[in-house]
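Dumping the structure here so I can ask a few things about it.
The values are calculated or read from the model by the stated rules, or taken from the named source; none is laboratory data. Keep in mind that what you see is a predicted model, and the values were worked out from it rather than measured. Neighbour counts are summed over all protein chains in view; Cβ atoms, including those assigned to glycine, are modelled from backbone coordinates with ideal geometry. For the accessible areas, the whole protein counts, side chains as well, though only heavy atoms, and no ligand, DNA or RNA atoms are used. Shrake-Rupley method; radii C 1.70, N 1.55, O 1.52, S 1.80 Å.
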Amino acid sequence: MELAWYALLGLFFATYLVLGGYDYGVGLLLARRAGEERRRAALTALGPFFLGNEVWLVAAAGTLLGAFPTLEGELLSGLYPAVLGAVTGVVLVTAGVQLRSRPRSGSARAGWDRVVTVGSVLAALGWGAVLGGLLQGVPLRADGHVDGVGHLFTPFVAAVGLAMLALVAVQGATFLTLRLPAAGAASLARVARRLVPVALAAVAAATVLGLLSDRVRAAVARPAVTVLLPLVLVSALLVARAALGRGRSGVAFTATSAALALPVLLVGAALWPRVLVSTVDPAASLTVADGAASGPTLSLLGWLVLPLVPALLGFQAMCWWVFRGRTDGRAPVYW
């Protein structure tokens, strides 16, 4: 049962990264030297999906709190700078998008756009640092508590954060190729194609640093996974770049979405059956079973969550179906 809940947690968080990823990617693109009309068009394209995407983060947090209380406590204490930065970014993006339409002056709106951009940077870097910190291992003592937060400030964690930032930027630009009118979509497709090599370089740097890191090599239970899944991620980015060049926005968006979900799968598969690997005493590492709630608790939560997952999936599918066209009413080229 612990495995099912662990998979569900991964599903919720991966879905959040995919959907929230284009929220933050669009926020990053607001930093471009573009006029108010283009920035408003980008946010209008994002508008129908924005708040619904964050529901998946709430679902992931609720699953972590209810099904893995021990993991939740140590995760937040051992990685709290990264988690705090990410949550701060989420709040800034939400506030900026909601409040930018209220002031009438262009300078005030530009200020809120900067808030959205800063929040997007913090969210992407923060969630990337969380994944990097998990894959690297934490100083978990024999008493079951994490010792400090200095382990987050390493080249590998920084590289994973930058890789997530680059992937989010590609996701945001690719999303806009589906939603903006054809003329605007063409320019964003060129931007996305230029961002793909940046993302490839960032992913390659994080992979190399991980392979060279003694901490990562000691934490990983399946070394082949840490090589295979980054290669799959690179392949997805290459597919996205080729699809963008051919005007196949749907294929490109599917590929970039896979690229954003793969890091979650990488962390879960590489560390299993452990979830918090101790760099101090390997015997003190926290396994998924040890971090989970009791069997009766998981069973009770299962009855509560059973109707929730179809409802979330149904809401997301309905939202995408209703707003599947471009903002000018025309249909994009999906395949």
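For the chain, modelled as a Gaussian network with Cα springs under 10 Å, which listed residue fluctuates most, A61, A252, A123?
A61
How far is the Cα center of region 211-285 from the Cα center of region 42-73, in Å?
Using only Cα atoms, the two centres lie 21 Å from each other.
What order do R274, R330 take when sorted by accessible area (1.4 Å probe), most exposed first?
Largest to smallest exposure gives the sequence R330, R274.
Something else about it: Pick out, in residue order, every one of the trypsin sites (Lys or Arg not before Pro) in region 106-178 that is DSSP loop and has at most 11 other C-beta atoms within 10 Å; say none if there are none.
Within region 106-178, no trypsin sites (Lys or Arg not before Pro) qualify (loop, at most 11 other Cβ atoms within 10 Å).
Taking the chain as a Gaussian network, Cα atoms linked when under 10 Å apart, which of A317, A129, A31 shows the biggest mean-square fluctuation?
In the Gaussian network model the winner is A317.
Given the -39500 (n - 2.57) contribution per DSSP H run of 4+ residues, what per-residue ellipticity at 222 nm results for the chain, rounded to the nearest 500 deg cm²/dmol?
Using -39500 (n - 2.57) per qualifying helix, the result is -26000 deg cm²/dmol.
Where in region 7-28 does the amide nitrogen come within less than 16 Å of the point 7 Å from the Cα of V309, taken along Cα to Cβ?
7-16
Given W320, A142, T88, which one lies farthest toward the positive end of the charge dipole of the chain, if we put +1 on the Cβ of every Lys and Arg and -1 on the Cβ of every Asp and Glu?
W320
Another question, if that's okay. Would you please give the residues with an amide H less than 5 Å from that of V275, counting only those at least 5 places away or on a separate chain, with H modeled from the backbone geometry?
Amide H neighbours of V275, under 5 Å, 5+ apart: L286, T287, V288.
Let me ask another. Does region 273-327 come out rounded, prolate or oblate, given a ≥ b ≥ c as the square roots of the eigenvalues of its C-alpha gyration tensor, rounded meaning a/c under 1.5 and, failing that, prolate meaning a/b above b/c?
It is oblate, given that a/c is not under 1.5 and a/b is not larger than b/c.
Still on this structure, please answer the following. Take the solvent-accessible surface of the protein heavy atoms, probe 1.4 Å, and return the percent of it on the chain that carbon and sulfur atoms account for.
Ligands and nucleic acids excluded, carbon and sulfur give 70 percent.
How would region 105-257 be classified by its alpha-carbon gyration tensor: rounded, prolate or oblate, with rounded meaning a/c under 1.5 and the a/b versus b/c comparison settling the rest?
It is oblate, given that a/c is not under 1.5 and a/b is not larger than b/c.
In addition: Excluding V83 itself, calculate the net charge of residues whose Cβ lies under 13 Å from the Cβ of V83, where each Lys or Arg counts +1 and each Asp or Glu counts -1.
Overall, the nearby charge balance is -2.
Report the full-extension gain for the segment V91 to R246: residue separation times 0.36 nm, less the Cα-Cα distance, to one decimal in nm.
52.1 nm
Right, next: Any idea what the alpha-carbon Rg over 2.2 N^0.38 Å comes to for the chain?
Ratio of Rg to 2.2 N^0.38 Å for the chain: 0.99.
Further, regarding this structure: Using θ = phi - 60° and the Karplus relation 6.51 cos²θ - 1.76 cosθ + 1.60, list the HN-Hα couplings for region 287-299 in order, rounded to whole Hz, with x at every Gly or Pro.
8, 4, 5, 5, x, 7, 6, 5, x, x, 5, 5, 5
When the chain is treated as a GNM, springs tying every alpha-carbon pair under 10 Å, which of E54, E74, E37 comes out with the largest mean-square fluctuation?
Comparing E54, E74, E37 in a Gaussian network model of the chain, the most mobile one is E37.
In region 20-128, if the dipole is taken from +1 on Lys/Arg beta carbons and -1 on Asp/Glu beta carbons about the Cα centre, which of G62, A45, G78 is farthest to the positive end?
Positive-end residue among those listed: A45.
Here is a follow-up. Before I look further, what does the chain give for accessible area per residue, probe 1.4 Å, in whole square angstrom?
Accessible surface, normalised per residue, equals 44 Å².
Follow-up. Over the heavy atoms of M1, what accessible area does a 1.4 Å probe trace out, to the nearest 10 Å²?
Its accessible surface works out to 120 Å², give or take rounding.
Under the classification rounded if a/c is under 1.5, otherwise prolate if a/b is larger than b/c and oblate if not, where does region 193-335 fall, given a ≥ b ≥ c as square roots of the Cα gyration tensor eigenvalues?
oblate
Still on this model: At 7 Å along the Cα-to-beta-carbon direction for both W321 and E36, put a label point, then send me their distance in nm to one decimal.
3.9 nm
Something else: If you rank R326, R193 by how much accessible surface each has, with a 1.4 Å probe, what is the order from largest down?
The ranking, largest first, comes out as R193, R326.
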